[in-house]
Every structure is written in C-alpha cells, then in structure tokens.
Amino acid sequence: GPKVLQIPSHQIIDMGQMVTLNCDPVSNHLYFYWYKQILGQQMEFLVNFYNGKVMEKSKLFKDQFSVERPDGSYFTLKIQPTALEDSAVYFCASQGTGNERLFFGHGTKLSVL
Amino acid sequence: GDSVTQTEGPVTVSESESLIINCTYSATSIAYPNLFWYVRYPGEGLQLLLKVITAGQKGSSRGFEATYNKETTSFHLQKASVQESDSAVYYCALAPSNTNTGKLTFGDGTVLTVKP
C-alpha cells in the first residue's frame, strides 16, 4: 500500500544545532502533518500543512520550529536551534483530502545531547 | 482540551480468547468528534484500523469492532477471538470534525500480546 518514508530513522544532534527531519509523503497527497511523541507519553499533534501554508499548529510548535515542502519534494520539519526537550520521535503523516485516512511514517527518533 | 483515555497495557491474552480494550474520551472542541482506532504492528508504521463518525454507529475491520457511545463517551475495541497476528500497539484517537480528520488526539496506546 501507499507509504510515507521518513529519513533518517534516528538523528543525534548537539543542543543548539539545527536539524531538519525529512518526510517523503504519499504521492498526490495534499495534507501533511507532524506529530511528536516523547518517550512514555502520548503522540501529540504539532502542525498541519496544506497548499504551501501552515493551516494549524499546536502550542508544542515553538517559534524554533518551521515546516515547508519546497517544489513538491520532501515535507520537512526544521528545528533551529534545538533544545534538550526536543528529544522525541517525530512522526510524519500525509492525507489525500481532509477527510481521508492518514498514512504515517515510521518516525524519526531525534536525540538532542 | 480534548483527551483520550484507554486501557493501560500491556495486555496479554491467549489465541482464540476474546479481547476488549477500553477507550473513553472527553471532547471540549466539539460535541460529537470523529473516533478512530489506529494500530502499529511490529516493524510497521501506524495505520488506521477503523473509524466511526456518527454517534451510535459501529465500525469494524479485521474482526475488530467498536461502537461510538455518546452517552458514556466511550469507544471500546472488541474482538471475539484474537490471533497471534493481532499482537500490536493499539491507539484510540479522536478528531474534531469530519473535514479535519488529520488533527488527532491520541490515547497512550495499549500494547497487546497474543500468546499462541
């Protein structure tokens, strides 16, 4: 079936550095999402993105976060600068239309040291 | 805000036994949210198991069922006879509307192990 690919699966970075998490969504999907799951906690909505714009973001989506999908390529989550509390697994998801099922990637585990 | 509470795992059952994973929700953003069960099988990404968008309706998939009960604000997942291949992590979730079903509020997840 359709797959969402996330690259890399694990990223280790020093606090204060910039990191970009990449997501290759399902072809022809229009809606894109990032979710964050801290170890032992619930998966939480960060942001959704449609037609080149952020549609909605949660309080977890700090000013240091940004998303984009330049030229229909990867959907990216950039954190600049990173903080220790950014350590988590980040899940990307894509959706064809606003009421279809989400397809999730396997997640990128981000470790900020 | 919205919240979802589900059976705390891990849950272990033997093959062919019945299963119920409880889920209750609290939705402050909308009176009747859309309700979902997602599942993560070992080595795979999170995927939709079933969804129900109308109170009183039942959803079913792969032998699992869940009924949207607005009186008790519950959406329990049931299966009459589990198989070893059902071993996975199950997540109950809600979305605020039928036109924004991607903004999900998840429960903690319930790890299910089915013994042969």
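The values are calculated or read from the model by the stated rules, or taken from the named source; none is laboratory data. As the structure is a computational prediction, the values presented were derived from the model and not from experiment. No Cβ is skipped: glycine too gets one built from the backbone with ideal geometry, and neighbour counts run over all protein chains shown. All accessible areas refer to the heavy atoms of the entire protein, side chains included, with ligands and DNA or RNA removed. Shrake-Rupley method; radii C 1.70, N 1.55, O 1.52, S 1.80 Å.
One residue is enough: does region A:30-38 have a residue meeting the conditions more than 15 Å from A:Gly105 (Cα to Cα) and modelled with pLDDT of 95 or more?
Yes, region A:30-38 contains at least one residue that is more than 15 Å from A:Gly105 (Cα to Cα) and modelled with pLDDT of 95 or more.
If you check A:Lys109, A:Lys59, which single one turns out to be over 18 Å from B:Ala95 (Cα atoms) and of a type in the set (D, E, K, R)?
Going through A:Lys109, A:Lys59 in turn, just one is over 18 Å from B:Ala95 (Cα atoms) and of a type in the set (D, E, K, R): A:Lys109.
Take region A:53-78 and flag every residue that is open to solvent by less than 70 Å² (accessible area, probe 1.4 Å) and hydroxyl-bearing (Ser, Thr, Tyr).
A:Ser58, A:Ser66, A:Ser73, A:Thr76
I'd like the residue in region A:27-52 that is in contact (Cβ under 8 Å) with a residue 40 or more places away in the chain and in a loop (DSSP other than H, G, I, E, B) and, out of all such residues, is least open to solvent (accessible area, probe 1.4 Å).
Only one residue fits best here, namely A:His29.
How about region B:1-64: which strands (runs of 3 or more DSSP E) wholly inside it have at least 1 residues that are within 14 Å of another protein chain (Cβ to nearest Cβ) and in contact with a Gly (Cβ under 7 Å, 6 or more places away or on another chain)? Walk me through it before giving the result.
Working: elements: B:3-6, B:11-14, B:19-21, B:23-26, B:34-40, B:47-52, B:58-61.
Output list reads B:3-6, B:23-26, B:47-52.
Filtering region A:66-111 down to residues that are among the hydrophobic types (A, V, I, L, M, F, W, C) and in contact with a Gly (Cβ under 9 Å, 6 or more places away or on another chain), which residue is farthest from A:Gln11 (Cα to Cα)?
It comes out as A:Leu102.
Name the pairs: first residue in region B:69-91 and away from chain A (no Cβ under 14 Å), second residue assigned to a helix (DSSP H, G or I) and surrounded by 18 or more Cβ atoms within 10 Å (Cβ to Cβ), Cβ to Cβ under 9 Å, at least 6 apart or on different chains?
Note: pairs meeting the criteria are B:Lys79/B:Asp86.
How many of the residues in region B:44-88 are open to solvent by 10 Å² or more (accessible area, probe 1.4 Å) and in contact with a Pro (Cβ under 9 Å, 6 or more places away or on another chain)?
So the answer is 3.
Looking at A:Arg69, is it more than 14 Å from every other protein chain (Cβ to nearest Cβ) and of a type in the set (Lys, Arg)?
Considered against the rule, which asks whether it is more than 14 Å from every other protein chain (Cβ to nearest Cβ) and of a type in the set (Lys, Arg), A:Arg69 comes out as yes.
Return the only residue of B:Ile21, B:Ile30 being loosely packed, with under 15 Cβ neighbours inside 10 Å and of a type in the set (A, V, I, L, M).
B:Ile30
Given (1) open to solvent by 30 Å² or more (accessible area, probe 1.4 Å); (2) touching a Leu at 6+ places or on another chain (Cβ under 8 Å), where does A:Asn99 come up short, assuming only one miss?
Evaluating A:Asn99 over (1) open to solvent by 30 Å² or more (accessible area, probe 1.4 Å); (2) touching a Leu at 6+ places or on another chain (Cβ under 8 Å) leaves (2) as the failure.
Which count do you get for residues in region A:88-110 that are part of a loop (DSSP other than H, G, I, E, B), in contact (Cβ under 8 Å) with a residue 60 or more places away in the chain and at the interface with chain B (Cβ under 7 Å from one of its Cβ atoms)?
4
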